[in-house]
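The values are calculated or read from the model by the stated rules, or taken from the named source; none is laboratory data. Values in this document were obtained by computation on a predicted structure and should not be read as measured data. Don't worry about glycine lacking a Cβ; one is built from the backbone with ideal geometry, like all the others, and counts go over all protein chains shown. Calculation scope for accessible area: heavy atoms of the full protein, side chains included, ligands and nucleic acids excluded. Shrake-Rupley method; radii C 1.70, N 1.55, O 1.52, S 1.80 Å.
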Amino acid sequence: MKAIVKYGQGPDMVELRDVPEPKIRPGTVMIEVQRAAVCGWDIEMWKHTMANPVKVPVIQGHEFCGVIAEVGDGVRDWQVGDRVACETSAEVCGKCYSCRTGDYQVCPERRGYGYGVDGAFTRYVVARKEILHRIPAGLGFDEASLTEPFCVVHHALSDPVKVIPGDTSVIIGPGPIGIISCQMARLMGAARTVLVGMQNDVNRMSVAKTRNWADFTINVSETDPVKAITEITEGKGADLAIDCAGNTPAFSTALESVRRNGRVVKIGWGPKPFNQSLDVLLRKSLTVYGTFGHNWHNWEAVLGLFTAKRLDPAGLISGVVPLAGWHEAFEKVHSTQAVKMVLAPNQ
Ligand SMILES: [Zn+2]
Ligand SMILES: [Zn+2]
(Lines give C-alpha, C1' and ligand atoms only; values in the text may rest on other atoms or scores of the structure.)
(Ligands and ions follow the chains in the order given, each with its own letter.)
Protein backbone atom coordinates (compact mmCIF):
# COMPACT_ATOMS: atom_id res chain seq x y z
CA MET A 1 0.00 0.00 0.00
CA LYS A 2 1.08 3.62 -0.55
CA ALA A 3 2.08 5.63 2.52
CA ILE A 4 3.62 8.99 3.39
CA VAL A 5 6.77 8.03 5.25
CA LYS A 6 9.29 10.10 7.17
CA TYR A 7 12.44 8.09 6.50
CA GLY A 8 15.29 10.13 8.00
CA GLN A 9 16.25 12.45 10.85
CA GLY A 10 16.49 15.62 8.76
CA PRO A 11 14.39 18.16 6.85
CA ASP A 12 12.43 17.15 3.72
CA MET A 13 13.04 13.43 4.33
CA VAL A 14 9.41 12.50 3.67
CA GLU A 15 8.12 10.66 0.60
CA LEU A 16 5.23 8.63 -0.78
CA ARG A 17 6.40 5.02 -0.88
CA ASP A 18 5.13 1.42 -0.95
CA VAL A 19 4.95 -0.30 2.42
CA PRO A 20 3.59 -3.69 3.54
CA GLU A 21 0.03 -3.78 4.93
CA PRO A 22 -0.11 -3.97 8.77
CA LYS A 23 -1.12 -7.20 10.53
CA ILE A 24 -4.18 -7.40 12.74
CA ARG A 25 -3.68 -8.63 16.33
CA PRO A 26 -6.11 -10.00 18.94
CA GLY A 27 -8.09 -7.16 20.54
CA THR A 28 -7.61 -4.84 17.55
CA VAL A 29 -9.42 -3.92 14.36
CA MET A 30 -8.14 -3.03 10.90
CA ILE A 31 -9.38 0.40 9.81
CA GLU A 32 -9.54 1.35 6.16
CA VAL A 33 -8.68 5.04 6.38
CA GLN A 34 -11.18 7.32 4.66
CA ARG A 35 -9.80 10.69 5.70
CA ALA A 36 -6.65 11.84 7.53
CA ALA A 37 -6.07 15.50 8.31
CA VAL A 38 -2.68 17.22 8.16
CA CYS A 39 -1.56 18.58 11.54
CA GLY A 40 1.05 21.24 12.29
CA TRP A 41 2.99 18.37 13.85
CA ASP A 42 3.15 16.66 10.42
CA ILE A 43 4.69 19.83 8.97
CA GLU A 44 7.21 19.94 11.81
CA MET A 45 8.15 16.32 11.08
CA TRP A 46 8.52 17.17 7.37
CA LYS A 47 10.75 20.17 8.14
CA HIS A 48 12.35 18.35 11.09
CA THR A 49 11.61 21.11 13.59
CA MET A 50 9.64 18.95 16.06
CA ALA A 51 9.81 19.63 19.80
CA ASN A 52 9.94 15.87 20.48
CA PRO A 53 11.89 13.00 18.87
CA VAL A 54 10.26 10.62 16.37
CA LYS A 55 11.23 7.11 15.27
CA VAL A 56 12.05 6.56 11.60
CA PRO A 57 10.97 5.24 9.25
CA VAL A 58 7.39 5.99 10.27
CA ILE A 59 4.12 6.53 8.41
CA GLN A 60 2.88 10.00 9.37
CA GLY A 61 -0.67 11.03 10.26
CA HIS A 62 -2.66 10.87 13.50
CA GLU A 63 -5.94 12.72 12.81
CA PHE A 64 -8.06 10.14 11.05
CA CYS A 65 -11.24 8.17 10.66
CA GLY A 66 -12.40 5.28 8.53
CA VAL A 67 -14.34 2.07 8.17
CA ILE A 68 -13.59 -1.20 9.96
CA ALA A 69 -12.28 -3.65 7.35
CA GLU A 70 -11.43 -6.58 9.65
CA VAL A 71 -12.09 -7.49 13.28
CA GLY A 72 -9.44 -9.29 15.38
CA ASP A 73 -9.97 -12.12 17.87
CA GLY A 74 -11.61 -11.05 21.12
CA VAL A 75 -13.35 -7.97 19.68
CA ARG A 76 -17.11 -8.24 20.19
CA ASP A 77 -18.53 -4.73 20.02
CA TRP A 78 -17.32 -3.79 16.54
CA GLN A 79 -18.20 -5.11 13.12
CA VAL A 80 -16.85 -4.88 9.59
CA GLY A 81 -18.34 -1.74 8.01
CA ASP A 82 -18.62 0.30 11.23
CA ARG A 83 -17.60 3.95 10.76
CA VAL A 84 -15.04 4.96 13.38
CA ALA A 85 -12.93 7.86 14.56
CA CYS A 86 -9.78 6.68 16.31
CA GLU A 87 -7.85 8.22 19.20
CA THR A 88 -4.10 8.77 18.89
CA SER A 89 -2.84 6.79 21.90
CA ALA A 90 -1.97 3.74 19.80
CA GLU A 91 -0.14 2.02 22.66
CA VAL A 92 -0.15 2.59 26.43
CA CYS A 93 1.03 0.34 29.27
CA GLY A 94 -2.41 -0.10 30.87
CA LYS A 95 -0.81 -0.55 34.30
CA CYS A 96 0.60 2.79 35.50
CA TYR A 97 -1.16 5.34 37.71
CA SER A 98 -2.22 7.47 34.72
CA CYS A 99 -3.61 4.50 32.78
CA ARG A 100 -5.52 3.21 35.79
CA THR A 101 -7.06 6.59 36.54
CA GLY A 102 -8.22 7.15 32.96
CA ASP A 103 -5.50 9.64 32.00
CA TYR A 104 -3.75 7.18 29.69
CA GLN A 105 -2.77 10.03 27.35
CA VAL A 106 0.02 10.87 29.81
CA CYS A 107 1.16 7.26 30.28
CA PRO A 108 4.98 7.36 30.23
CA GLU A 109 4.92 4.45 27.79
CA ARG A 110 2.36 5.99 25.45
CA ARG A 111 3.26 5.73 21.78
CA GLY A 112 1.15 7.78 19.39
CA TYR A 113 0.19 7.25 15.79
CA GLY A 114 2.28 9.01 13.19
CA TYR A 115 5.50 9.36 15.18
CA GLY A 116 5.81 6.46 17.68
CA VAL A 117 3.95 3.85 15.63
CA ASP A 118 2.86 3.91 11.99
CA GLY A 119 0.08 6.40 11.35
CA ALA A 120 -2.81 7.06 9.00
CA PHE A 121 -1.42 8.67 5.84
CA THR A 122 -2.00 5.31 4.16
CA ARG A 123 -4.74 2.79 3.40
CA TYR A 124 -4.87 0.62 6.56
CA VAL A 125 -4.24 1.23 10.26
CA VAL A 126 -4.52 -1.28 13.11
CA ALA A 127 -6.17 0.05 16.29
CA ARG A 128 -6.94 -1.47 19.67
CA LYS A 129 -10.65 -1.56 20.37
CA GLU A 130 -10.45 0.73 23.45
CA ILE A 131 -9.65 3.83 21.37
CA LEU A 132 -12.44 3.56 18.79
CA HIS A 133 -15.46 5.86 18.66
CA ARG A 134 -18.54 5.40 16.52
CA ILE A 135 -19.10 8.22 14.04
CA PRO A 136 -22.73 9.30 14.45
CA ALA A 137 -25.02 9.00 11.43
CA GLY A 138 -25.14 12.28 9.59
CA LEU A 139 -21.52 13.19 10.35
CA GLY A 140 -19.24 12.91 7.32
CA PHE A 141 -15.70 11.54 7.20
CA ASP A 142 -14.23 14.97 6.30
CA GLU A 143 -15.55 16.46 9.53
CA ALA A 144 -14.85 13.35 11.64
CA SER A 145 -11.16 13.44 10.62
CA LEU A 146 -10.87 16.70 12.59
CA THR A 147 -12.10 15.19 15.87
CA GLU A 148 -8.56 14.94 17.27
CA PRO A 149 -7.54 18.63 17.23
CA PHE A 150 -10.95 19.61 18.65
CA CYS A 151 -10.32 17.05 21.43
CA VAL A 152 -6.97 18.69 22.22
CA VAL A 153 -8.83 21.95 22.83
CA HIS A 154 -11.82 20.31 24.55
CA HIS A 155 -9.43 18.67 26.99
CA ALA A 156 -7.39 21.84 27.59
CA LEU A 157 -10.47 23.98 28.23
CA SER A 158 -12.48 21.52 30.30
CA ASP A 159 -9.93 19.56 32.34
CA PRO A 160 -7.01 21.74 33.48
CA VAL A 161 -8.74 25.12 33.09
CA LYS A 162 -12.32 26.14 32.34
CA VAL A 163 -13.72 29.03 30.37
CA ILE A 164 -16.11 30.80 32.72
CA PRO A 165 -19.18 32.38 31.08
CA GLY A 166 -18.45 36.07 30.58
CA ASP A 167 -14.68 35.62 30.21
CA THR A 168 -12.63 37.57 27.75
CA SER A 169 -10.45 34.86 26.24
CA VAL A 170 -7.26 35.76 24.41
CA ILE A 171 -6.02 33.13 21.96
CA ILE A 172 -2.44 33.48 20.76
CA GLY A 173 -1.45 31.68 17.56
CA PRO A 174 -4.09 31.40 14.79
CA GLY A 175 -3.21 27.90 13.61
CA PRO A 176 -5.97 25.27 13.64
CA ILE A 177 -5.66 24.79 17.43
CA GLY A 178 -5.99 28.56 17.97
CA ILE A 179 -8.98 28.84 15.67
CA ILE A 180 -10.61 25.82 17.33
CA SER A 181 -9.92 27.46 20.70
CA CYS A 182 -11.94 30.49 19.53
CA GLN A 183 -14.87 28.22 18.64
CA MET A 184 -14.64 26.27 21.91
CA ALA A 185 -14.25 29.36 24.12
CA ARG A 186 -17.35 30.91 22.55
CA LEU A 187 -19.29 27.68 23.00
CA MET A 188 -18.27 27.64 26.67
CA GLY A 189 -19.57 31.16 27.24
CA ALA A 190 -16.69 33.54 26.57
CA ALA A 191 -18.10 37.05 26.19
CA ARG A 192 -15.30 37.93 23.79
CA THR A 193 -12.58 36.06 21.93
CA VAL A 194 -9.46 37.93 20.87
CA LEU A 195 -7.20 36.14 18.37
CA VAL A 196 -3.57 37.27 18.20
CA GLY A 197 -1.23 36.45 15.31
CA MET A 198 1.55 37.67 13.07
CA GLN A 199 1.67 39.09 9.55
CA ASN A 200 1.72 35.65 7.90
CA ASP A 201 -1.40 34.65 9.87
CA VAL A 202 -3.67 37.29 8.32
CA ASN A 203 -5.41 34.75 6.06
CA ARG A 204 -6.24 32.43 8.96
CA MET A 205 -7.25 35.33 11.21
CA SER A 206 -9.66 36.60 8.57
CA VAL A 207 -11.27 33.11 8.38
CA ALA A 208 -11.81 33.23 12.16
CA LYS A 209 -13.13 36.80 12.03
CA THR A 210 -15.43 36.28 9.05
CA ARG A 211 -17.05 33.26 10.67
CA ASN A 212 -17.48 35.09 13.99
CA TRP A 213 -15.28 32.67 15.91
CA ALA A 214 -12.97 35.58 16.80
CA ASP A 215 -14.56 38.87 17.88
CA PHE A 216 -11.26 40.73 17.56
CA THR A 217 -8.07 39.90 15.68
CA ILE A 218 -4.73 41.53 16.45
CA ASN A 219 -1.77 41.47 14.07
CA VAL A 220 1.31 41.94 16.28
CA SER A 221 3.27 43.36 13.32
CA GLU A 222 0.93 46.36 13.37
CA THR A 223 -0.46 46.57 16.89
CA ASP A 224 0.93 46.06 20.39
CA PRO A 225 -1.25 43.14 21.57
CA VAL A 226 -1.03 43.87 25.32
CA LYS A 227 -2.04 47.50 24.78
CA ALA A 228 -4.90 46.51 22.46
CA ILE A 229 -6.22 43.87 24.89
CA THR A 230 -6.03 46.37 27.75
CA GLU A 231 -8.17 48.74 25.65
CA ILE A 232 -10.68 46.04 24.64
CA THR A 233 -11.15 45.07 28.30
CA GLU A 234 -11.29 48.70 29.49
CA GLY A 235 -8.10 48.41 31.48
CA LYS A 236 -8.83 45.13 33.26
CA GLY A 237 -6.95 42.62 31.11
CA ALA A 238 -8.20 39.28 29.78
CA ASP A 239 -9.53 36.62 32.13
CA LEU A 240 -7.92 33.72 30.29
CA ALA A 241 -5.08 33.47 27.77
CA ILE A 242 -4.67 30.36 25.63
CA ASP A 243 -1.15 30.03 24.20
CA CYS A 244 -1.44 28.02 21.00
CA ALA A 245 1.85 29.30 19.53
CA GLY A 246 4.38 27.92 22.01
CA ASN A 247 7.23 30.40 21.57
CA THR A 248 8.63 32.81 24.14
CA PRO A 249 7.01 36.02 22.78
CA ALA A 250 3.61 34.27 22.70
CA PHE A 251 3.91 33.07 26.28
CA SER A 252 5.09 36.50 27.35
CA THR A 253 2.05 38.11 25.64
CA ALA A 254 -0.19 35.60 27.43
CA LEU A 255 1.26 36.50 30.84
CA GLU A 256 1.12 40.25 30.18
CA SER A 257 -2.38 40.36 28.67
CA VAL A 258 -4.30 38.62 31.48
CA ARG A 259 -5.70 40.47 34.48
CA ARG A 260 -4.57 40.05 38.07
CA ASN A 261 -5.49 36.53 39.26
CA GLY A 262 -5.85 35.60 35.58
CA ARG A 263 -5.27 32.17 34.04
CA VAL A 264 -2.95 31.06 31.27
CA VAL A 265 -3.03 27.67 29.57
CA LYS A 266 -0.21 26.51 27.34
CA ILE A 267 -1.28 24.22 24.51
CA GLY A 268 1.41 25.09 21.94
CA TRP A 269 4.75 23.24 21.95
CA GLY A 270 7.90 25.22 21.35
CA PRO A 271 11.54 24.19 20.99
CA LYS A 272 12.92 27.58 22.15
CA PRO A 273 14.26 27.92 25.70
CA PHE A 274 12.26 30.05 28.05
CA ASN A 275 14.26 33.21 28.55
CA GLN A 276 12.29 35.67 30.62
CA SER A 277 11.62 36.40 34.29
CA LEU A 278 8.64 34.62 35.84
CA ASP A 279 8.12 37.37 38.42
CA VAL A 280 4.97 38.45 36.59
CA LEU A 281 3.36 35.31 38.07
CA LEU A 282 3.95 36.79 41.52
CA ARG A 283 3.22 40.40 40.64
CA LYS A 284 -0.17 39.51 39.13
CA SER A 285 -0.89 36.35 41.14
CA LEU A 286 -1.36 34.26 37.97
CA THR A 287 -2.01 30.57 37.45
CA VAL A 288 -0.42 28.76 34.50
CA TYR A 289 -1.68 25.37 33.31
CA GLY A 290 -0.15 22.78 31.00
CA THR A 291 -2.22 20.30 29.05
CA PHE A 292 -1.55 17.24 26.95
CA GLY A 293 -3.74 15.28 24.58
CA HIS A 294 -7.20 14.03 25.35
CA ASN A 295 -8.99 10.91 26.48
CA TRP A 296 -12.14 8.91 25.92
CA HIS A 297 -14.74 11.37 27.18
CA ASN A 298 -13.33 14.26 25.11
CA TRP A 299 -13.87 12.18 21.95
CA GLU A 300 -17.45 11.32 22.78
CA ALA A 301 -18.16 14.97 23.66
CA VAL A 302 -16.62 16.41 20.49
CA LEU A 303 -18.36 13.92 18.18
CA GLY A 304 -21.63 14.85 19.92
CA LEU A 305 -20.94 18.57 19.47
CA PHE A 306 -20.11 18.04 15.77
CA THR A 307 -23.35 16.16 15.26
CA ALA A 308 -25.36 18.81 17.10
CA LYS A 309 -23.62 21.45 14.92
CA ARG A 310 -22.38 23.34 17.99
CA LEU A 311 -18.85 23.21 16.57
CA ASP A 312 -17.88 23.74 12.94
CA PRO A 313 -15.06 21.46 11.74
CA ALA A 314 -16.01 21.85 8.06
CA GLY A 315 -15.32 25.59 8.28
CA LEU A 316 -11.62 24.83 8.88
CA ILE A 317 -11.14 22.54 5.89
CA SER A 318 -9.39 24.27 2.99
CA GLY A 319 -9.21 21.20 0.74
CA VAL A 320 -9.43 17.40 0.46
CA VAL A 321 -6.83 15.68 -1.76
CA PRO A 322 -5.68 12.11 -2.50
CA LEU A 323 -2.44 10.82 -0.93
CA ALA A 324 -0.49 11.65 -4.08
CA GLY A 325 -1.26 15.34 -3.46
CA TRP A 326 0.41 15.27 -0.03
CA HIS A 327 3.28 17.59 -0.95
CA GLU A 328 1.03 20.38 -2.14
CA ALA A 329 -1.23 19.88 0.90
CA PHE A 330 1.74 20.10 3.30
CA GLU A 331 2.99 23.18 1.44
CA LYS A 332 -0.39 24.92 1.76
CA VAL A 333 -0.47 24.30 5.52
CA HIS A 334 3.18 25.29 5.91
CA SER A 335 2.64 28.58 4.05
CA THR A 336 -0.53 29.22 6.16
CA GLN A 337 -2.51 29.57 2.92
CA ALA A 338 -4.70 26.72 4.19
CA VAL A 339 -6.14 26.21 7.68
CA LYS A 340 -6.63 22.43 7.46
CA MET A 341 -5.88 20.10 4.55
CA VAL A 342 -7.37 16.62 4.56
CA LEU A 343 -5.92 13.59 2.76
CA ALA A 344 -8.19 10.93 1.27
CA PRO A 345 -6.15 7.68 1.14
CA ASN A 346 -9.15 5.79 -0.31
CA GLN A 347 -9.09 7.90 -3.50
ZN1 LIG B 1 -2.77 16.87 15.45
ZN1 LIG C 1 0.42 3.56 31.47
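Derived scalar couplings between HN and Hα for the range 97-102 equal 4, 5, 4, 6, 9, x Hz in order, rounded to whole Hz, by the Karplus curve 6.51 cos²θ - 1.76 cosθ + 1.60 (θ = phi - 60°), x for Gly and Pro.
Report, please, the projected area of the range 238-347 averaged over directions, based on the convex hull of its C-alpha atoms, in nm².
Details: hull surface 38.3 nm².
Average projection, Cα convex hull of the range 238-347: 9.6 nm².
I'd like the distance separating the alpha-carbon centroids of the range 54-88 and the range 164-207, in whole Å. With the range 54-88 and the range 164-207 each reduced to a Cα centre, they are spaced 32 Å.
Within the shell of other residues whose beta carbon sits under 15 angstrom from the beta carbon of SER221, the net charge comes to -1, with Lys and Arg scored +1 and Asp and Glu -1.
The share of accessible area on the chain that comes from carbon and sulfur is 51 percent, using a 1.4 angstrom probe. Stokes-Einstein diffusion of the chain at 20 °C, 1.002 mPa s viscosity, Kirkwood radius from Cα pairs, rounded to a whole number: 104 µm²/s.
Ratio of the range 148-218's C-alpha Rg to 2.2 N^0.38 Å, to two decimals?
Numbers: Rg = 11.2 Å, N = 71, 2.2 N^0.38 = 11.1 Å.
In units of the globular-protein estimate, the range 148-218 measures up at 1.00.
Per residue, how much accessible area does the chain show when a 1.4 Å probe rolls over the protein heavy atoms, in square angstrom?
Details: 14770 Å² over 347 residues.
I get 43 Å² per residue for this part.
For the chain, the longest principal axis of the C-alpha atoms and the axis of helix 176-187 are separated by about 70°.
How big is the Rg/Rh ratio for the range 160-290, C-alpha atoms only, Rh by Kirkwood, two decimals?
Looking at the range 160-290, the ratio lands at 0.93.
Ranking of LEU282, LEU255, LEU187 by solvent-accessible surface, largest first: LEU282, LEU187, LEU255 (1.4 Å probe, protein heavy atoms only, all chains present). At the residue level, PHE216 shows approximately 80 square angstrom of accessible surface with a 1.4 angstrom probe and all protein chains present.
Here's the picture: charge each Lys and Arg Cβ at +1 and each Asp and Glu Cβ at -1 in the range 160-290, and of ILE229, CYS244, MET198 the one pushed furthest to the positive end of that dipole is CYS244.
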